[in-house]
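Colleague: Please read through the structure below; I'll follow up with questions.
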Amino acid sequence: MNSAISTERQGNVLIIVSDNPPVNALGQAVREGLQKGIEEAASDDSIEAIVIRCEGRTFFAGADITEFGKAPKGPSLPEVCDAIEASDKPVVAAIHGTALGGGCEVALACHYRVAVPSAKIGLPEVKLGLIPGAAGTQRLPRLVGAEAALPIVVIGDPISAKKAEHIGLLDKLVGENSLAEDAVEFVKRKIGQPVPRTSHGTANEDGVKDPQIFDNFRAKNGRKLRGFDAPNAAIEAVKAAGEMSFEDGVKKERELFTKLMTGTQSAAMRHYFFAERAANKIDDVPADTPLIPIKTVGIIGAGTMGGGIAMNFLSAGIKTVILEMKQEALDRGLGVIRKNYENTAKRGRMTTEQVEDAMGLLSGTLDYADLADCDLVIEAVYENMDVKKEVFAKLDSVVKQGAILASNTSYLNIDEIATATKRPEYVLGLHFFSPANIMKLLEIVRGDKTRDDVLATSMKLAKRIGKIAAVSGVCPGFIGNRMLSPRQQQANLLIMEGANYWDVDDVLLDFGFPMGPFQMGDLAGIDIGWHRDPSKVTTVREALCSVGRFGQKAGKGFYDYDEARNRTPSDEVKKIISDFAEKEGHKQRDISKEEIKERLLYPMVNEGAKILDEKMAQRASDIDVVWINGYGWPLYTGGPMFWADTVGLDNIVAGLEKHKLPVSDYLRKKAEAGEKFTR
Ligand code: 3HC
C-alpha cells in the first residue's frame, strides 16, 4: 500500500488502517491509500466487508490544511468518499478521538459508523472560513435531518458520541478499549444486507416540510455569526440538500466551498489556526523542558479579577486558596464565586455536583502562611508598584522554594516586581482578561530572569485551564494593552477634532469588534476613578460625570439608553465634547469614517511593528492571537498583523503619513522591501 495506509485481513473482513500522525489528516497519501483499499476489497471475492479505522490518537481529523492553496493532487476527497459509498460490500467507520471535517465526511460516506464513547464528531470547517467540501453538507442532512445538521455544519462545534448516536449520526457506541474488534463484529453482521448509502437518505425532508427551520436558526444565531461569510454559505448548502438532487447539491456545495477557499476570510482563519498553535511554542525553550507539578494554586485578592482567576483553576479540578486582607472581603469574594457557579448550573451548563466539586476545592484565608504549600501563587491586587512589591516580598518569605510567583498586572514592570524577591527566576506575569473565567486569552509575561521550566509550566497550565496563551516580553502594557493605547489616543483625539463619537464606535463595530471605545466606557462606568468633584473638569469623561452621565448604569453616558439598553447618540454629549474641544483649542471639522478607521487601526499596526522589532512578541502571529482572544479583534480578518498584510504595508505607511502619525523604522523597512508580517 503506502506509508500512511495499510490493510489487514480478518477472515472475510478487510481492515483499512490509517497511520498518519499526528492527527491522521487526509493528505494525498492517505486519500490514495483509502481509494486503493476500497479497490482491493472490491477485487477480492474472499472479502465481504470493510472496516476503516485509524492508528494513533484520533480518527481522521480532517483534510490536510497544509495542502490548502497548493496545486491539488488526486484523488480528491470527494472522489474517495464516493468510492467508499459506492462499495457493494458494507463499510464501517471505526471512530475514536475526533472525526472532524473531511474525517466526518469519510465516516458519512461509509455505510455504517461505530465509535467509542469518548469520540467527538463534527464539521468544524466554518472555523477555517470554509464549509465542508466533500459532500458533508449534503450527506449529513440526509442522514440526520436539516434541523440536527444545521448547528453541526454552521456553528462547527463537535458533538459527543452520545449525542451523535442520539441524532442518528452513529449507528452504535462500542467498547472504549475494543473498537477494532467491535467494528469487525459489527460489520460482519451486515454482510448480505443491502448497504445503506447516506446520499440516498431522506431525513433532509424536514427542511422542505418546514423551511422556517432555516430562518429560525439564523435568527437564533445571527449575533454570533455576524460578519462571517462561511456560516451563511453553510446554511445555503444545507438548504440545498433539501431542495436539490444529491448531485446538484454537491455541485452547489463545491461552488460555495471554492468561493470561500479563495477568499480572504478563509485565508485569515487558516492563518489563525496555525497562529494559535504556534503561540504555544517558545522558540528558545525546548519542548521537553521538565514541568513543575501544579497541585495547589494561591490567589491574592478575592475581587472580581482574583475570583475569576480562581474559577479557572477550580473548574479544572485544581485546589485553590484565596487570600484577602479582611474577612468581609473574603466572604464576599467566595460568595460571588459560588453564585457564579450556581448561575451556570441554573443555565444547565453545570450539574449541582460539579458546583459542589469545584467549591470543595476552594478555601479562603487571611493569613499568608496558608499559602506556604502552593505550587503557584497569582497576585491580583491593586495596580500599584509599591503594593505589588510588598505582596511579592511577603510571598517570597512564606511560599515554599520552587513555587512560581506570578503577577496579574496588566502593565507594570515584571522585572521590577521580581526584585522584591530573592527568586526572580521564579517570577513571571500571568495576565488574565476580565471576566477572567470567561475570556480565552492569557498573556504570559516573560521576565528577564524567568526560568524555562517556569515558562513551560505556565504554558501547559494555560491549556489545562482552557486558555489560549501567548508570550510577551516586559514592556508597558505588554502586547495587548500596549497596542490598545494608540487606538485609544486616536479615539480621544478624533472626537476633539470633530468626529462623531458614535461614528468612532460604529467604525469599529462595522470592522467587526463587539463594541467601540465609547460604548465600552458606558458599559464599564465612566465614573471609574473619577475624583467626584463636579466643578473640576479637565477631560471629557469628567465633564460627563459632572452632569451625572455615568454610563449605562445611570441610563446615560456618552449615549442615552432606553430600558432595553439600546443606545442613542446624545446632542448634549456632542455639545459637551465640542465645548471642551473649543476650550482646549481644537478646531472641529467633519471627519470621514475612512479617516477614523485608518487613524484607529493603522497606529495599532505601527505599535505591533515596534513590539516585533523590540522582540517583545516572538512572532507577528502571536500578536494576532492576543488581539483576537483578548480584545475582540474580528477573527475573520486574521488579527491586526495579518490584516495589515492584506491591506498592504505600503498602504499602512502611506496612511500613517497622510494623517501625520509616526511610522516606525521596522514598519517602513518591511513596507519598502515589499515584505509581510505573517507570510
Ligand atoms: N491538517 C493539518 N495539520 C493538522 C490538522 C489538519 N486538519 N489538524 C491538526 N493539525 C496539526 C496541528 O497544526 C498541530 O501541528 P503542530 O504540532 O506542528 O503544531 C498538530 O496537528 C496537533 O494538533 P493540535 O495541537 O491542535 O492537537 P490537539 O490534540 O490539541 O487537537 C484536533 C487535535 C482536535 C484534531 C485539532 O488539531 C483540530 O481541531 N484540528 C483541525 C480540525 C479541522 O479543522 N478539520 C477540518 C479541516 S478542513 C476540511 O476537512 C475540509 C474538508 O471538508 C474538505
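The values are calculated or read from the model by the stated rules, or taken from the named source; none is laboratory data. Only a predicted model underlies this, so the values are computations on that prediction, with no experimental measurement involved. Methodologically, a virtual Cβ is constructed for each residue, glycine included, from the backbone with ideal geometry; neighbour enumeration extends over all protein chains shown. Accessible surface areas use protein heavy atoms only, side chains included; no ligands, DNA or RNA. Shrake-Rupley method; radii C 1.70, N 1.55, O 1.52, S 1.80 Å.
Colleague: Going residue by residue through region 490-510, is there one that turns out to be assigned to a strand (DSSP E or B), at negative phi and β-branched (Val, Ile, Thr)? I'd like the intermediate steps shown before the answer.
Modeller: Taking region 490-510 as the starting set, the residues that turn out to be assigned to a strand (DSSP E or B) are none.
Checked region 490-510: no residue is assigned to a strand (DSSP E or B), at negative phi and β-branched (Val, Ile, Thr).
Colleague: Determine if region 14-23 includes at least one residue that is part of a strand (DSSP E or B), touching a Ser or Thr at 6+ places or on another chain (Cβ under 9 Å) and of a type outside the set (Val, Ile, Thr).
Modeller: Within region 14-23, one or more residues are part of a strand (DSSP E or B), touching a Ser or Thr at 6+ places or on another chain (Cβ under 9 Å) and of a type outside the set (Val, Ile, Thr).
Colleague: Please verify whether residue 148 is more than 16 Å from the ligand (Cβ to nearest atom) and not in a strand (DSSP E or B), treating the condition exactly as stated.
Modeller: On the way: more than 16 Å from the ligand (Cβ to nearest atom): yes; not in a strand (DSSP E or B): yes.
Answer is yes for this residue.
Colleague: Taking residue 69 as meeting all but one of (1) at pLDDT below 95; (2) within 11 Å of the ligand (Cβ to nearest atom); (3) not charged (D, E, K, R), write down the number of the exception.
Modeller: For residue 69, the exception is condition (2).
Colleague: Take residue 623 and decide whether it is closer than 26 Å to residue 502 by Cβ and either surrounded by 14 or more Cβ atoms within 10 Å (Cβ to Cβ) or touching a strand residue (DSSP E or B) at 6+ places or on another chain (Cβ under 7 Å) (or both).
Modeller: Values: closer than 26 Å to residue 502 by Cβ: no; either surrounded by 14 or more Cβ atoms within 10 Å (Cβ to Cβ) or touching a strand residue (DSSP E or B) at 6+ places or on another chain (Cβ under 7 Å) (or both): yes.
No, not satisfied.
Colleague: Something else: Please determine, by comparing only the residues of region 41-69 that are open to solvent by 50 Å² or more (accessible area, probe 1.4 Å) and either in a helix (DSSP H, G or I) or among the small types (Gly, Ala, Ser) (or both), which one is nearest to residue 177 (Cα to Cα).
Modeller: Narrowing region 41-69 to residues open to solvent by 50 Å² or more (accessible area, probe 1.4 Å): 42-43, 45-46, 48, 55-57, 66-67, 69.
Filter once more, so that each one left must be either in a helix (DSSP H, G or I) or among the small types (Gly, Ala, Ser) (or both): 42-43, 46, 56, 66-67, 69.
Numbers: 42: 29, 43: 32, 46: 28, 56: 13, 66: 32, 67: 33, 69: 38 Å.
Going through the qualifying residues, I end up with 56.
Colleague: What's the total number of residues in region 77-102 that are within 11 Å of the ligand (Cβ to nearest atom), touching a Ser or Thr at 6+ places or on another chain (Cβ under 9 Å) and open to solvent by 10 Å² or more (accessible area, probe 1.4 Å)? Show your work before the answer.
Modeller: Of all residues in region 77-102, those within 11 Å of the ligand (Cβ to nearest atom) come to 77-78, 80-81, 97-102.
So of that shortlist, the ones also touching a Ser or Thr at 6+ places or on another chain (Cβ under 9 Å) come out as 97-100.
Now restrict to residues that are open to solvent by 10 Å² or more (accessible area, probe 1.4 Å): 97-98, 100.
Selection size over region 77-102: 3.
Colleague: At least 2 residues that are over 19 Å from residue 157 (Cβ atoms), acidic (Asp, Glu) and without any contact (Cβ under 8 Å) to a residue 60 or more places away in the chain in each: list the helices (runs of 4 or more DSSP H) lying fully within region 186-283 that qualify. Reasoning before the result, please.
Modeller: Working: elements: 205-209, 212-225, 230-243, 246-261, 264-279.
Output list reads 230-243, 246-261.
Colleague: Which count do you get for residues in region 313-327 that are in a helix (DSSP H, G or I) and either open to solvent by 30 Å² or more (accessible area, probe 1.4 Å) or farther than 22 Å from residue 440 by Cβ (or both)? Spell out the reasoning first.
Modeller: Restricting attention to region 313-327, the residues satisfying the condition of being in a helix (DSSP H, G or I) are 313-315, 327.
If we keep only those that are either open to solvent by 30 Å² or more (accessible area, probe 1.4 Å) or farther than 22 Å from residue 440 by Cβ (or both) too, we end up with 315, 327.
So the count comes out to 2.
Colleague: Which fully enclosed helices (runs of 4 or more DSSP H) of region 346-461 have 2 or more residues being open to solvent by 10 Å² or more (accessible area, probe 1.4 Å) and of a type in the set (A, V, I, L, M, F, W, C)? I'd like the intermediate steps shown before the answer.
Modeller: Numbers: elements: 352-360, 385-398, 414-418.
Where helices (runs of 4 or more DSSP H) fall fully within region 346-461 and carry at least 2 residues being open to solvent by 10 Å² or more (accessible area, probe 1.4 Å) and of a type in the set (A, V, I, L, M, F, W, C), they are 385-398.
Colleague: Can you name the residue in region 1-24 that is farther than 20 Å from residue 184 by Cβ and in contact with a Gly (Cβ under 6 Å, 6 or more places away or on another chain) and, of all such residues, is least open to solvent (accessible area, probe 1.4 Å)?
Modeller: Keep residues of region 1-24 that are farther than 20 Å from residue 184 by Cβ, which gives 2-4, 20-23.
This time we only want the ones that are in contact with a Gly (Cβ under 6 Å, 6 or more places away or on another chain), so: 2, 4, 21.
Details: 2: 42, 4: 8, 21: 101 Å².
The residue in question is 4.
Colleague: If you go through region 205-226 one residue at a time, do you hit one that is out of contact with any Phe, Trp or Tyr (no Cβ under 7 Å at 6 or more places or on another chain), closer than 24 Å to residue 76 by Cβ and buried (at least 19 other Cβ atoms within 10 Å of the Cβ)?
Modeller: no
Colleague: Could you go through region 173-181 and let me know if any residue there is out of contact with any His (no Cβ under 9 Å at 6 or more places or on another chain), within 13 Å of the ligand (Cβ to nearest atom), charged (D, E, K, R) and more than 22 Å from residue 236 (Cα to Cα). Show your work before the answer.
Modeller: Step one: of region 173-181, the residues out of contact with any His (no Cβ under 9 Å at 6 or more places or on another chain) are 173-175, 177-178, 180-181.
Within this subset, residues satisfying the condition of being within 13 Å of the ligand (Cβ to nearest atom) are none.
Looking for residues that are out of contact with any His (no Cβ under 9 Å at 6 or more places or on another chain), within 13 Å of the ligand (Cβ to nearest atom), charged (D, E, K, R) and more than 22 Å from residue 236 (Cα to Cα), one finds none in region 173-181, hence no.
Colleague: Quick one: would you say residue 192 is in contact with an Asp or Glu (Cβ under 7 Å, 6 or more places away or on another chain), more than 25 Å from residue 258 (Cα to Cα) and open to solvent by 10 Å² or more (accessible area, probe 1.4 Å)?
Modeller: Details: in contact with an Asp or Glu (Cβ under 7 Å, 6 or more places away or on another chain): no; more than 25 Å from residue 258 (Cα to Cα): yes; open to solvent by 10 Å² or more (accessible area, probe 1.4 Å): yes.
So residue 192 does not fit the description; no.
Here's the yes/no breakdown for (1) charged (D, E, K, R); (2) more than 20 Å from residue 81 (Cα to Cα):
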| residue | (1), (2) |
| --- | --- |
| 189 | yes, yes |
| 194 | no, no |
| 202 | no, no |
| 242 | no, yes |
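Colleague: Sticking with this one: Is it the case that region 616-625 has a residue that's part of a helix (DSSP H, G or I), touching a residue at least 12 places away in the same chain (Cβ under 8 Å) and over 22 Å from residue 467 (Cα atoms)?
Modeller: Residues of region 616-625 that are part of a helix (DSSP H, G or I), as a first pass: 620-625.
From what is left, the residues that are touching a residue at least 12 places away in the same chain (Cβ under 8 Å) are 620-625.
Then drop every residue that is not over 22 Å from residue 467 (Cα atoms), which leaves none.
No; the residues of region 616-625 include none that is part of a helix (DSSP H, G or I), touching a residue at least 12 places away in the same chain (Cβ under 8 Å) and over 22 Å from residue 467 (Cα atoms).
Colleague: Which residue is nearest to residue 239 (Cα to Cα), if the candidates are limited to region 134-164 and must be open to solvent by 10 Å² or more (accessible area, probe 1.4 Å) and touching an Asp or Glu at 6+ places or on another chain (Cβ under 8 Å)?
Modeller: So, considering only residues that are open to solvent by 10 Å² or more (accessible area, probe 1.4 Å) and touching an Asp or Glu at 6+ places or on another chain (Cβ under 8 Å), the one nearest to residue 239 (Cα to Cα) is 147.
Colleague: Pull up region 103-138, narrow it to residues that are among the basic types (Lys, Arg) and more than 19 Å from residue 34 (Cα to Cα), then point me to the one that is nearest to the ligand (Cβ to nearest atom).
Modeller: To start, the set of residues in region 103-138 that are among the basic types (Lys, Arg) comprises 113, 120, 127.
Now drop any that are not more than 19 Å from residue 34 (Cα to Cα), which leaves 120, 127.
Values: 120: 8, 127: 6 Å.
The selected residue is 127.
Colleague: Considering only region 513-536, how many residues are in a loop (DSSP other than H, G, I, E, B) and either touching a Gly at 6+ places or on another chain (Cβ under 6 Å) or under 19 Å from residue 491 (Cα atoms) (or both)?
Modeller: In the first step, residues of region 513-536 are kept if they are in a loop (DSSP other than H, G, I, E, B); the result is 513-516, 525-536.
So of that shortlist, the ones also either touching a Gly at 6+ places or on another chain (Cβ under 6 Å) or under 19 Å from residue 491 (Cα atoms) (or both) come out as 513-516, 525-528.
Matching residues across region 513-536 total 8.
Colleague: Restricting to region 290-310, count the residues that are touching a Ser or Thr at 6+ places or on another chain (Cβ under 8 Å) and modelled with pLDDT of 95 or more.
Modeller: Quick first cut of region 290-310, residues touching a Ser or Thr at 6+ places or on another chain (Cβ under 8 Å) only: 291-292, 294, 296-299, 304-305, 308, 310.
Retained after the next criterion (residues that are modelled with pLDDT of 95 or more): 291-292, 294, 296-299, 305, 308, 310.
Adding up the residues that qualify gives 10.
Colleague: Using the structure shown, decide if residue 560 is closer than 15 Å to residue 502 by Cβ, acidic (Asp, Glu) and more than 31 Å from the chain's Cα centre (by Cα). Talk me through it step by step, then tell me what you get.
Modeller: On the way: closer than 15 Å to residue 502 by Cβ: yes; acidic (Asp, Glu): yes; more than 31 Å from the chain's Cα centre (by Cα): yes.
Taking the combined requirement at face value, the residue satisfies it.
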